[in-house]
Number of protein chains: 2
Amino acid sequence: MSNIEFSRGKTVLSNRNTMIQRVLIVGATHGNEFTGAYIVKKLRNNQNLAQRSTFGTFTLLANPQAFAEARRYIDKDLNRCFRWEDLQDLTRSTYEEVRAKEINETFGKEGQTPVDVIFDLHTTTANMGLTVIIYPYSFNLKMAAYLQRINPLVKVLVLPESKLGYSGLPSICGLGCTIEVGAISSGVLQAELFQWTEALIDHALDYLEYYNRGELPSLDPMLTAYQQMGTIDYPRDDAGDIQAMIHPQLQFQDYEPLNPGDPVFLSFDGDDILYKGDVTTYPIFINEAAYYEKGIAMILTQKQEFELY
Amino acid sequence: MSNIEFSRGKTVLSNRNTMIQRVLIVGATHGNEFTGAYIVKKLRNNQNLAQRSTFGTFTLLANPQAFAEARRYIDKDLNRCFRWEDLQDLTRSTYEEVRAKEINETFGKEGQTPVDVIFDLHTTTANMGLTVIIYPYSFNLKMAAYLQRINPLVKVLVLPESKLGYSGLPSICGLGCTIEVGAISSGVLQAELFQWTEALIDHALDYLEYYNRGELPSLDPMLTAYQQMGTIDYPRDDAGDIQAMIHPQLQFQDYEPLNPGDPVFLSFDGDDILYKGDVTTYPIFINEAAYYEKGIAMILTQKQEFELY
């Protein structure tokens, strides 16, 4: 495990000492990920649950049409539609591209009711337990460290800095996180994972309350987290058809070390296909259903120590 | 466990002592159930695998459009489109209704190359292990008993007799079975479940070979199997929105006894909802993703002894 100082990137709220005024909890950014959608519905029916004294909480069903059809998206993955240039591009007019613009015009920095923090609730068919995915900002690292202190099972994934800008929904704000819970099939609820996610949101809202009050608990100065390094696709033939499956020894082994020479895939004929990298990596999103079409069998990460500054 | 003599229904091949001449292996009847689709592709690339000396084996990707889009169906569930009256109905013209007619005109009893036995390969998000689903014909019961003898983990589900006629794809033939394997998310492959399904097909083809040669192995005269008795829907509000999830104690407990008073659902507010039936039942297809829209949270079965006659 390397001990790398975290590059400072854009720092946003934390250096301005601004209060958090508005928080947005988002479900159904992907219409077939039910956990977030039903948590949003529950919060709408029980407004006291997400209420705190120092900020207002809004909720959003991001892709209602896809949710109604229990599909990830109608025309295009909504969670890839929020790059700044794309939001300005008048020629982009699919259902999700229009929806992204609406969401940005409502909750984005220049929107009608700009929010300071976003929690975007997702599920995955990979065995990622309870994962908090953050943009590489100091505020987010500290919040993630707090969530991991409350629940040591929480894993933290830090997205790399992006020259092109981020395309995910939370990027319209930057602070907050995406919550991924799994393994769970798309199109279903599982009570235990629903409750894990609920508890995590509750603690995250508490954190924001402490932040606003200047009562943040002290945290270890270092956070162990994972940083995305690259992806591996399935072996494919010339027509693009996949030729192998995730190896049984790797299935559901998210966040476990994968060493050079370990089996990664099993061909349909029963042959092992080995990991050819030269360093140990920690694969995540292993066998995520939605990533077959994106050419991703898993995402490779590096386990790192991040300094909280 | 009651000991009920099995009602004799239609008997087909077994009383005619006809040879099996053509067998059809079907994948992607549901386009997001990848296991069957990729097994069919493998069989097409390795024609010796499904070859036997006494009959011909055909393969079919039943819903190629839905498979290309990784969706269960485009317009309508294909596996509900094969009722005899519906196949004759010229007004039925959705993608799947037309596809059902094409499949029937090719492989059905009056088709160009009518098949004698169909194996239709499915997956489920429920924890059904390796399940063989059969229409209540003597031939099928014996084949299922053989498959269970080879692999004692195989469960057998016997569909009730239907006055309206069956609507599933295998009903164009009647003999054979649907193979369900799970728990697995839709839209993914899992190597272990792929191999289980492959082995089951291999044994089923062996059985047909023994049948044709008059070399059937002797079997116990009784088969323990499950018969579908009814379904339970999720609790819903007036708008049809579900109000509860499968109870954590019941999740993944397919084929385990559910007794009166046992918890079935957990409401979003955390309240247990109990099973109000007055007899022990054996739920299956618990939390199947595709059944949310059909108003089915699980299928209730009775565990029975079936006489092989």
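Taking a label point 7 Å out from Cα toward Cβ, give me the nm distances from B:Gly56 to the same spot in the other copies, shortest first, one decimal.
Nearest first, the other copies' label points are 7.2 nm away.
Can you list the residues of the range A:35-73 that have at least 40 square angstrom less accessible area with all protein chains present than in their chain by itself, probe 1.4 Å?
A:Tyr38, A:Lys42, A:Arg71
Roll a 1.4 angstrom probe over the protein heavy atoms and tell me the percent of accessible area of chain A that is carbon or sulfur.
Ligands and nucleic acids excluded, carbon and sulfur reach 47 percent.
Under 5 Å between amide hydrogens, which residues at least 5 positions from A:Ile118 or on another chain qualify, with H placed 1.01 Å from N in the peptide plane?
For A:Ile118, whose amide H was placed from the backbone, the distant partners under 5 Å are A:Leu24, A:Leu175, A:Gly176, A:Cys177.
At a probe radius of 1.4 Å, figure out the B/A buried accessible area, summed over both chains, and give it in Å² to the nearest 100.
Accessible area lost upon association: around 2500 Å².
Taking the axis that carries chain A onto chain B, what is the nearest Cβ in chain A, and at how many Å, to the whole number?
A:Ser185, 2
Is there a simple number for the mean count of other chain Cβ atoms within 10 Å of the Cβ of residues in B:244-250, and what is it?
4
Using θ = phi - 60° and the Karplus curve 6.51 cos²θ - 1.76 cosθ + 1.60, what whole-Hz ³J(HN,Hα) does each residue of the range A:275-281 get, with Gly and Pro shown as x?
Per residue, the Karplus-derived 3J(HN,Hα) values read 6, 9, x, 10, 9, 5, 10 Hz.
Is the C-alpha gyration tensor of the range B:134-274 telling us rounded, prolate or oblate? Criteria: a/c under 1.5 is rounded; beyond that, a/b larger than b/c is prolate, otherwise oblate.
prolate
Rg to Rh ratio, the protein assembly as shown, alpha-carbon atoms and Kirkwood radius?
Answer for the protein assembly as shown: 1.00.
Would you list, by chain and number, the lysines whose Cα falls below 25 Å from the Cα of B:Lys142, excluding same-chain residues fewer than 8 positions away?
The qualifying lysines are B:Lys10, B:Lys109, B:Lys155, B:Lys163, B:Lys303.
With the label 7 angstrom out along Cα to Cβ, how close does A:Glu69 come to the same site in each of the other copies, in nm, nearest first?
0.6
List the GluC sites (Glu not before Pro) within the range A:80-139 that fall in a DSSP loop (any state other than H, G, I, E or B) and whose Cβ has at most 11 other Cβ atoms within 10 Å.
When the GluC sites (Glu not before Pro) of the range A:80-139 are filtered for loop state and at most 11 Cβ neighbours within 10 Å, A:Glu110 remain.
Let me check against my output: what whole-number percent is the relative contact order of chain B, with C-alpha pairs under 8 Å and at least 6 apart?
Computed over chain B, the figure is 20 percent.
When the helices in chain B are scored as -39500 (n - 2.57) per DSSP H run of 4 or longer and the sum is shared across all residues, what 222 nm value do you end up with, to the nearest 500 deg cm²/dmol?
Roughly -7500 deg cm²/dmol at 222 nm, from the helical runs in chain B.
Too long at a 21 Å Cα-Cα cut-off: which of B:Lys101/B:Lys294; A:Lys42/B:Lys76; A:Lys76/A:Lys294; A:Lys76/B:Lys41; B:Lys76/B:Lys294?
Checking Cα-Cα distances, B:Lys101/B:Lys294; A:Lys42/B:Lys76; A:Lys76/B:Lys41 exceed 21 Å.
Which percent, to the nearest 5, of DSSP beta bridges fully inside chain A are antiparallel?
In chain A, DSSP labels about 55 percent of beta bridges as antiparallel.
Starting from the range B:267-309, pick out the trypsin sites (Lys or Arg not before Pro) whose DSSP state is loop and whose Cβ has at most 10 other Cβ atoms within 10 Å.
For trypsin sites (Lys or Arg not before Pro) across the range B:267-309 that sit outside H, G, I, E and B with at most 10 neighbouring Cβ atoms in 10 Å, the list reads B:Lys276.
How far, in nm to one decimal, is B:His203 from itself in the other copies if the label point is set 7 angstrom along Cα toward Cβ? Shortest first, please.
Those label-point separations list as 4.5 nm.
Are there trypsin sites (Lys or Arg not before Pro) in the range B:157-263 that DSSP marks as loop and that have at most 13 other Cβ atoms within 10 Å, and which are they?
Sparse-neighbourhood loop trypsin sites (Lys or Arg not before Pro): B:Lys163.
The values are calculated or read from the model by the stated rules, or taken from the named source; none is laboratory data. Note that the coordinates shown come from a computational prediction; the quantities given were computed from them, not determined experimentally. Every residue, glycine among them, receives a Cβ derived from its backbone with ideal geometry; neighbour counts consider all protein chains shown. All accessible areas refer to the heavy atoms of the entire protein, side chains included, with ligands and DNA or RNA removed. Shrake-Rupley method; radii C 1.70, N 1.55, O 1.52, S 1.80 Å.
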